[in-house]
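The values are calculated or read from the model by the stated rules, or taken from the named source; none is laboratory data. Predicted model only: the values in this text are computed from it and were never measured. Here Cβ is always computed from backbone atoms with ideal geometry, including for glycine, and neighbour counts include all displayed protein chains. These accessible areas exclude ligands, DNA and RNA; they are computed on the full protein's heavy atoms, side chains included. Shrake-Rupley method; radii C 1.70, N 1.55, O 1.52, S 1.80 Å.
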Amino acid sequence: MKTYKMDLCSGSLWKKVLIYSIPLMFSNILQVLFNMSDIAVVGKFAGPIALGAVGSTSILVTLFTGLLIGLASGVNALAALHIGSKNNKDLQETVHTSVLLCFSMGVLIMALGIVFAPAVLGAMHTKSELISDAVLYLRIYMLGMPALGLYNFGNAVLSAAGDTRRPLYYLLFSGIINVLLNLFFVIVCRWDVAGVAAASVISQYISAILILAVLFRSREGFGLRMRSIRLYPEKMRRILRIGIPAAFQNGLFAIANLFVQASVNTFDHVMVEGNSAANADPLVYDMMAAFYTACSSFIAQNLGARKKERILKSFAVCLTYSFLIGLIIGVGIYVFRYPFLALFTNEQAVVEAGISRLSIMALSYAVSAFMDCSIAASRGLGKSVLPTVIVIMGSCVFRILWIYTVFAWFQTIQSLYLLYIFSWSVTAVAEILYFIAMYRKTPPG
């Protein structure tokens, strides 16, 4: 019988971290590409108003998705810990608590999104000609939040067991369905924003059903049993202790980035367009994030197995891989900056404005690995509150202060973009020191 599990507590870390992370990298890239296909279809076949309406909700969609992903990080860390310690009772209680918790969070976000969509979009000063379509899109999209919560739950559990391939297969299948439905609903049915939103919702439920089917069929310790689904209070507290700070962090990042975008908007439209064209952040971050998930899972499993030395080695290997990925992609995009920017614009002035961003970000992405990998390592040790406080102060509050001091003084686009590498560097130092302190407190094997 084919097994998808991976033992994270033995064997070559360089090899296993890479094998574990590659499917995650493809999963993350696919999500970026499928999202781009949504925008491309609605922009190409439904017109600029529909495109603007969908685009105006992107920050909220990112915010809500980030909350569910943050909660799932608590599931991943705790499940990996129990898998490593071979404690099936605690693993079963964690899994059956998590599925209910993640589904409930999805339902709550869905309800809040549907009810408050007009008020929130109005508060964001959404253009009057866009707001009705934006509200429609967001309300339909919110119907998929329970499914997104369940998919992230299943992905977290399978990843904790070392299985990153099947979530990739299910995401690929549901993503292809999403693209086909986009084309059908928008071109054939003429549903515009409603069609794109409906396609997303359907594909989210398909991926959730596929991943839940695997867990219900599984005879492993992380398998689901309908009769066992309930909240175990102690497990719920432990999941929330890790997951809620992570979700809160994701939310605050979205808010901090609003200040950055507002500062970009103080320049002329050419610079704003150049910034948008050169924004490779989702592609780079999502590829690097595969190694952060690996870092949490490997450290949590080895913590459970009481293999202290392997914890530190896991951190070093994941940090090295994520640093190299950030460096290679960042520099690579800069080297091929003209063909890259040509994908998004034909205007030479916009291209030159985009190069201003790429010239600084090319070497900056790699620095973020020191911050994010250290946060992931601390979460693997079950520590999430203080790392979240540190990253909020270093990467959120620091950025806002930079905007109102350094950027306000120089008023150049370069002084704005430099806030990334400086905020990441300051935060990384504090996060690494915290992880080392927590690692030293870990009992020996």
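Quick grid of which residues meet (1) of a type in the set (Asp, Glu); (2) open to solvent by less than 60 Å² (accessible area, probe 1.4 Å); (3) within 17 Å of Gly70 (Cβ to Cβ); (4) assigned to a loop (DSSP other than H, G, I, E, B):
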{"residue": "Tyr137", "(1), (2), (3), (4)": "no, yes, no, no"}
{"residue": "Asn152", "(1), (2), (3), (4)": "no, yes, yes, no"}
{"residue": "Asp163", "(1), (2), (3), (4)": "yes, yes, no, yes"}
{"residue": "Val186", "(1), (2), (3), (4)": "no, yes, no, no"}
Task: Given (1) open to solvent by less than 20 Å² (accessible area, probe 1.4 Å); (2) not in a helix (DSSP H, G or I), index of the condition Thr266 fails - done: (1)
Open item on the list: Can you list the helices (runs of 4 or more DSSP H) lying wholly within the stretch 275-374 that have 1 or more residues being under 23 Å from Thr427 (Cβ atoms)?
Closed with: 281-304, 308-335
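With Ala123, Ala156, Ala119, Ala134 as the choices, which residue is in contact (Cβ under 8 Å) with a residue 12 or more places away in the chain and farther than 15 Å from Asn250 by Cβ?
Values: Ala123 fails: in contact (Cβ under 8 Å) with a residue 12 or more places away in the chain; Ala156 fails: farther than 15 Å from Asn250 by Cβ; Ala119 fails: in contact (Cβ under 8 Å) with a residue 12 or more places away in the chain.
The unique qualifying residue is Ala134.
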Open item on the list: Please go through the stretch 212-245 and give me each residue that is of a type in the set (S, T, N, Q) and in a helix (DSSP H, G or I), ordered by number.
Closed with: Ser228
Task: Matching option when the condition is under 20 Å from Gly330 (Cα atoms) and either at pLDDT 90 or above or open to solvent by 10 Å² or more (accessible area, probe 1.4 Å) (or both), among Ser374, Ser359 - done: Ser359
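Surrounded by 23 or more Cβ atoms within 10 Å (Cβ to Cβ), farther than 22 Å from Ile83 by Cβ and either in contact with a Gly (Cβ under 7 Å, 6 or more places away or on another chain) or at pLDDT below 95 (or both), is that true of Ser174? Explain how you work it out, then say what you get.
Numbers: surrounded by 23 or more Cβ atoms within 10 Å (Cβ to Cβ): yes; farther than 22 Å from Ile83 by Cβ: yes; either in contact with a Gly (Cβ under 7 Å, 6 or more places away or on another chain) or at pLDDT below 95 (or both): yes.
So Ser174 fits the description; yes.
Working only within the stretch 377-393, note down all residues that are in a helix (DSSP H, G or I) and open to solvent by less than 10 Å² (accessible area, probe 1.4 Å). Before the answer, list the steps.
Of the stretch 377-393, the ones in a helix (DSSP H, G or I) are 377-380, 385-393.
The answer is Ala377, Ser378, Gly380, Pro387, Thr388, Val391.
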Task: Matching residues in the stretch 3-31 - criterion: being touching a residue at least 24 places away in the same chain (Cβ under 8 Å) and hydroxyl-bearing (Ser, Thr, Tyr) - done: Tyr4, Tyr20, Ser21, Ser27
- [ ] Could you check how many residues of the stretch 103-135 are among the β-branched types (Val, Ile, Thr) and either within 23 Å of the chain's Cα centre (by Cα) or assigned to a loop (DSSP other than H, G, I, E, B) (or both)?
- [x] 5
TODO: Filter the stretch 41-55 down to the residues that are open to solvent by less than 20 Å² (accessible area, probe 1.4 Å) and either under 24 Å from the mean Cα position of the chain (by Cα) or aromatic (Phe, Trp, Tyr) (or both), then identify the one that is farthest from Thr126 (Cα to Cα).
DONE: Val41
